[in-house]
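Presented below is the structure to which this report refers.
The values are calculated or read from the model by the stated rules, or taken from the named source; none is laboratory data. All of these numbers come straight from a predicted model, not from anything done at the bench. Every residue, glycine as well, gets a Cβ built from its backbone with ideal geometry; the counts of neighbours run over all protein chains shown.
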């Protein structure tokens, strides 16, 4: 008689692990007797880094597939910006000149937070009018504070879900409360996190930020320039800021990039301009 093909009621690996939770002998209590996939110490060994890479790639990919998320708009930017309301509270509570100066600076930069929040709301509103998941462009961020929080918040306030790709850092980065919980992922490896940013990206929108934002934006620009990925809208919000902190014109003058490389980038000053650039690229209307 042919062997029966196991069905969905077959004992799972998790059930096998549960059975050995209480070892009956010294042999069963040995670390070597643990299932390899259930041995956390083994999985964390340096030699198993490749397996951990694979797990970080597959986990988020499977969950996003199961939720019919094919297209995203990725929003990058500083984790240090705060909302206008928070900045105004800081200013009202400033007890000395240093605190006041810091609060005034925070209030100035809060315009970027509010812009990212508005952008998230606009994208989410577009999604809610689409009958097919294939036409939706979900907000995806690094999952932390600042601009990331603002974009996730805008989508949340519009009633749409959004994605957060959090990263483990020495100073723990916690996920912001506006990410859809089932779509909040935690990564150890920057490389796998950045891969997930781009796997489904249909546009990249970047607000002012620090080293992390530079790292993210230049990786995207390099991948497009070298044709490792197809062209997509790369939008830098805050024309004066970006053209002063990065001398793209000087790179061109020195022959370090080609004129066509500058066509990869679109500079804008408002949420409306950013959304208009994406709509024009994909030739769709609200």
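Could you please tell me which pairs satisfy a Cβ distance under 8 Å, a separation of 6+ or placement on different chains, a first residue in segment 12-24 that is assigned to a helix (DSSP H, G or I), and a second residue that is surrounded by 11 or more Cβ atoms within 10 Å (Cβ to Cβ)?
13/35; 13/37; 13/38; 16/35; 17/35; 17/38
Of all residues in segment 263-281, which are within 18 Å of residue 224 (Cβ to Cβ) and surrounded by fewer than 14 Cβ atoms within 10 Å (Cβ to Cβ)?
Across segment 263-281, the qualifying residues are 263, 280.
Looking at 87, 124 in this structure, which one is within 18 Å of the chain's Cα centre (by Cα), part of a helix (DSSP H, G or I) and buried (at least 19 other Cβ atoms within 10 Å of the Cβ)?
One residue alone meets the criteria, 124.
Do the conditions hold for residue 166, that is, is it touching a strand residue (DSSP E or B) at 6+ places or on another chain (Cβ under 6 Å) and over 21 Å from residue 234 (Cβ atoms)? Don't jump to the end; show me each part of the working.
Working: touching a strand residue (DSSP E or B) at 6+ places or on another chain (Cβ under 6 Å): yes; over 21 Å from residue 234 (Cβ atoms): yes.
Yes, satisfied.
Taking residue 243 as meeting all but one of (1) modelled with pLDDT of 95 or more; (2) surrounded by fewer than 20 Cβ atoms within 10 Å (Cβ to Cβ), write down the number of the exception.
Only one criterion is unmet by residue 243, namely (1).
Among the residues of segment 212-225, is any surrounded by 13 or more Cβ atoms within 10 Å (Cβ to Cβ) and outside any helix (DSSP H, G or I)?
The answer is no; no qualifying residue exists.
Would you check which residues across segment 88-121 are free of Cβ contacts under 8 Å to residues at least 24 places away in the same chain, touching a helix residue (DSSP H, G or I) at 6+ places or on another chain (Cβ under 9 Å) and farther than 17 Å from residue 238 by Cβ and list them?
Scanning segment 88-121 gives 88, 89, 90, 91, 92, 93, 94, 99, 100, 102, 103, 104.
Would you mind stating whether residue 271 is without any contact (Cβ under 8 Å) to a residue 60 or more places away in the chain and under 21 Å from the mean Cα position of the chain (by Cα)?
no
Out of segment 196-211, which residues are part of a helix (DSSP H, G or I) and crowded, with 17+ Cβ neighbours inside 10 Å?
Step one: list which residues in segment 196-211 are part of a helix (DSSP H, G or I), which gives 196-199, 211.
Across segment 196-211, the qualifying residues are 196, 197, 198.
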